[in-house]
Amino acid sequence: MLRQAVVVLGYACNLSCRHCEYGEKDRRLSLSERQLEAIADGFRPRKVNLMGGEPLLSPLFDRALEVFSSSSVTVQTNGLLVPKRLRQLERVRQVIVSVEGSRRWNDYLRGKGA
């Protein structure tokens with residue numbers, strides 16, 4: 001059993017932050033359901049950190065919560081989709097929302113109003 005796994009569901013994101021490495025990746029790339037299940041079955045991690053570009057955009061997000069249901073799940077998100085995903089996020093131990101600082105600095109890095 002693995003202690004902790006970081007799982008990048010895909011590179012799709014609803015922002016284009018200046019500092020983000022995922023912005024340089026092909027946003028169409030994502031983990032397959034088969035790969036996701038292989039990670040869950042093969043490693044059976046105690047803790048899982050779901051990341052991505054924006055993990056809440058991933059079509060595999062709900063499936064990830066299912067296959068890691070016996071793990072302590074953390075989701076790292078930009079927070080924009082949290083209100084739409086509250087029901088799913090009730091199954092998560094921790095939600096980490098990235099905040100860049102002041103409104104002005106946030107607008108500079110992420111885009112106005114993000």
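Values quoted throughout were computed directly from the atomic coordinates according to the rules given, and no laboratory measurement underlies them. The model shown is predicted, which means the values in this text are computed figures rather than measured ones. Note: ideal-geometry Cβ built from the backbone for every residue, glycine included; neighbour counts use all protein chains shown.
Given the conditions (1) free of Cβ contacts under 8 Å to residues at least 24 places away in the same chain; (2) under 20 Å from residue 110 (Cβ atoms); (3) of a type in the set (Ser, Thr, Tyr), which single one is not true for residue 69?
Going through (1) free of Cβ contacts under 8 Å to residues at least 24 places away in the same chain; (2) under 20 Å from residue 110 (Cβ atoms); (3) of a type in the set (Ser, Thr, Tyr) one by one, residue 69 breaks only (2).
Pairs, please: C-beta under 8 Å, at least 6 apart or cross-chain, first residue touching a residue at least 12 places away in the same chain (Cβ under 8 Å) and in segment 75-99, second of a type in the set (Lys, Arg)?
78/110
Based on what the data block shows, is residue 9 of a type outside the set (Asp, Glu), in contact with a Pro (Cβ under 6 Å, 6 or more places away or on another chain) and surrounded by 12 or more Cβ atoms within 10 Å (Cβ to Cβ)?
For residue 9, the condition - of a type outside the set (Asp, Glu), in contact with a Pro (Cβ under 6 Å, 6 or more places away or on another chain) and surrounded by 12 or more Cβ atoms within 10 Å (Cβ to Cβ) - is met.
If you check residue 16 against the conditions, is it closer than 17 Å to residue 4 by Cβ and either in contact (Cβ under 8 Å) with a residue 60 or more places away in the chain or surrounded by 14 or more Cβ atoms within 10 Å (Cβ to Cβ) (or both)?
Taking the combined requirement at face value, the residue does not satisfy it.
Just name the residue that is surrounded by the most Cβ atoms within 10 Å (Cβ to Cβ) out of those in segment 41-50 that are closer than 27 Å to residue 83 by Cα and in contact with a helix residue (DSSP H, G or I) (Cβ under 9 Å, 6 or more places away or on another chain).
The residue in question is 48.
Take the residues in segment 66-90 that are more than 18 Å from residue 33 (Cβ to Cβ) and of a type in the set (D, E, K, R); name whichever of them is surrounded by the most Cβ atoms within 10 Å (Cβ to Cβ).
85
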